[in-house]
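Notes for the one structure printed next.
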Amino acid sequence: MSNNKASLPVIRRLPRYYRYLSELNANGVKHISSSQLAKILGSTSSQVRQDFNCFGGFGQQGVGYSTELLLEQIEHLLFPENKLHAVLVGVDNMGLPVAQFIRREHTAIELIGLFDTEDEKVGEEHLGITVKPIEDLESFCKENNVDIIVVCTGREKAKAISEHIINSGVKGIWNYSHFNFSVLDSSLIVENVHLRDNLMSLSYRVLHRGE
């Protein structure tokens with residue numbers, strides 16, 4: 001599967017394709033058409049074909065797509081041979097469940113460090129990892145080739161420690177803080193998680209259902 005510079009919306013759809021294709025493959029479905037897959041995803045058959053054409057053609061006339069082949073190819077795109085190293089900053093009521101989620105999901109990311117700005121949190125052990133002070137973040141990331149920092153602090157605290165994060169040398173940030181790290185370093189790949197925004201969107205859709 002060759003990557004022809006897929007757009008961000010296409011990349012965001014890949015995990016959904018992976019999830020549904022995993023279910024189909026597990027249920028013994030060998031082939032699926034673009035229209036069938038589009039119906040499952042709430043998309044269109046042309047959108048599905050365009051998405052897959054970004055990485056190469058896999059359909060066969062009159063047969064459709066091999067679910068096993070598609071699954072293998074998407075796995076190749078989403079999961080590297082060696083897991084990406086990640087650390088998490090902010091060991092609190094949000095940070096710990098996120099850390100547990102990363103460990104539980106067995107994704108392409110391996111959590112190898114926990115950090116916090118609060119002295120009382122430093123030295124605690126969670127998931128077999130001892131919490132380190134934020135002052136150690138830069139050196140730890142560089143010594144251990146950390147790829148991703150997961151930021152689970154509030155906005156103001158993230159702003160206060162942003163220099164440590166920017167200077168760590170990581171390539172990406174999974175950001176729960178609402179602080180805009182990309183303003184400080186445009187080369188960083190930042191995936192922002194806005195739980196409140198999602199909840200407000202759901203609220204709007206429920207309130208205005210049927211309009």
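Quick look at the values:
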item	result
For the stretch 100-206, share of DSSP beta bridges that run antiparallel, in % to the nearest 5	15 percent
Cα-based Kirkwood hydrodynamic radius, the chain, one decimal, Å	19.5 Å
Within the chain, percent of DSSP bridges classed antiparallel, to nearest 5	20 percent
Amide H contacts of Leu88 (H built 1.01 Å from N, under 5 Å, at least 5 apart or other chain)	Gly113, Leu114, Phe115, Val150
Mean Cβ count within 10 Å, highest first, over the residues of peptides 175-181, 195-201, 21-27, 67-73	175-181, 67-73, 21-27, 195-201
D (Stokes-Einstein, µm²/s), Kirkwood Cα radius, the stretch 84-138, 1.567 mPa s at 4 °C	116 µm²/s
Whole-percent carbon and sulfur share, accessible surface of the chain, 1.4 Å	49 percent
Asn192/Glu68 FRET efficiency (R0 25 Å; Cβ-Cβ; nearest 0.05)	0.15
Hull volume in cubic angstrom per residue (convex hull over the Cα atoms of the stretch 18-112)	130 Å³
Rounded to whole Hz, the Karplus (6.51, -1.76, 1.60) HN-Hα couplings of the stretch 129-143, x for glycine and proline	10, 8, 5, 10, x, 4, 5, 8, 4, 4, 5, 5, 4, 6, 6
Peptides ranked, highest mean first, by Cβ atoms within 10 Å: ranges 80-89, 7-16	80-89, 7-16
R0 of 22 Å, Cβ-Cβ distance Arg16-Glu118: FRET efficiency to nearest 0.05	0.05
Alpha-carbon centroid distance for the pair the stretch 138-170 / the stretch 70-133, whole angstrom	13 Å
Net +/- balance of residues flanking Glu135 in space, Cβ distance below 12 Å, scoring K and R +1, D and E -1	-4
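The values are calculated or read from the model by the stated rules, or taken from the named source; none is laboratory data. In this text the structure is predicted, and so the values were computed from the model without any measurement. Neighbour counts run over all protein chains shown; Cβ positions are idealised from the backbone, glycine included. Note: areas computed on protein heavy atoms with side chains; ligands, DNA, RNA excluded. Shrake-Rupley method; radii C 1.70, N 1.55, O 1.52, S 1.80 Å.
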